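Take a look at the structure below.
Values in this text are rule-based calculations from the coordinates and carry no lab data. Keep in mind that this is a model prediction, so the values were computed, not measured. Methodologically, a virtual Cβ is constructed for each residue, glycine included, from the backbone with ideal geometry; neighbour enumeration extends over all protein chains shown.
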Amino acid sequence: MDSPLGELLLVGVQSRTAPGGVALTSLSLPGQRNAPTVQTQWRRDVRPFTEAVRQLRAYFAGRLTRFDLDFPTTGTTFQERIWLALDEIPYGTTTTYGRLAEALRVPRSEVRALGAAIGANPLLLVRPCHRVIGADGTMHGYAGGVERKIALLTHEGALQQALV
């Protein structure tokens, strides 16, 4: 689907419980690190993603602050723990890697692993990894690109729009 950030690639698997019969397993941006590449056996069909597309459009229009989608993920136990914590970062706010590590009782020696888990998040936007920033307020590594992270945080009101 088209978005203000560029074309979004939505990937899913069949699911009996998800709207449209497909659960979202990946949402990625063009040029994103570790993004899935389209496979020949995949079929292009937006219909199973009708609800995801509706929610994404509402998000970009400023009418949705939290996604309500079925999305099974297949990370390690540690990654799943980190990804679930991302879901709890409120719209319009940010947290730091250190604060997130502290809240999850991740030892200081494993903060890099926490950052790697955040970077491995397969569901950009939907699972808001863009809301995690450096302790000094800098925009550290976002798989979709730092300029998109800034755009998302500005859209959500967590950053002030730059005056030019």
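Among Asp70, Asp45, Asp136, which one shows the biggest mean-square fluctuation in a GNM of the chain, springs joining Cα atoms closer than 10 Å? Top of the fluctuation ranking is Asp136.
For the residues Val126, Val11, Val111, a GNM of the chain with alpha-carbon springs under 10 Å puts the largest fluctuation on Val111.
The angle between the Cα long axis of helix 77-86 and the main principal axis of the chain comes to about 80°, on a 0 to 90 degree scale.
Approximating the spin labels as points 7 Å out from Cα along Cα→Cβ, the Ala58-to-Gln14 distance works out to 2.8 nm. Considering only Arg44, Arg57, Arg112, the Gaussian network model of the chain with Cα springs below 10 Å gives its largest mean-square fluctuation to Arg44. The residues neighbouring His155, those whose beta-carbon lies less than 14 Å from its own, together hold a net charge of +3 under the Lys/Arg +1, Asp/Glu -1 convention.
For the chain, the Cβ-based charge dipole about the Cα centre amounts to some 120 debye (Lys, Arg positive; Asp, Glu negative; other atoms uncharged). Based on alpha-carbon centroids, what's the gap between region 1-30 and region 73-143 in Å, whole number please? Taking the Cα centre of region 73-143 as reference, the centre of region 1-30 is 21 Å away. Considering only Leu125, Ser26, Gln55, the residue lying farthest towards the positive end of the dipole of the chain is Ser26, judged by Cα position with unit charges set on Cβ.
Loop-located chymotrypsin sites (Phe, Trp or Tyr not before Pro) across region 29-119 with a Cβ neighbour count of 12 or fewer within 10 Å are Trp42, with loop assigned by DSSP. Other residues with beta-carbon under 11 Å from the beta-carbon of Ala18 carry, at +1 per Lys or Arg and -1 per Asp or Glu, a net charge of -1. Put simply, the amide H of Ile133, placed in the peptide plane, has neighbours under 5 Å in Thr95, Thr96, Tyr97, leaving out anything fewer than 5 places away on its chain.
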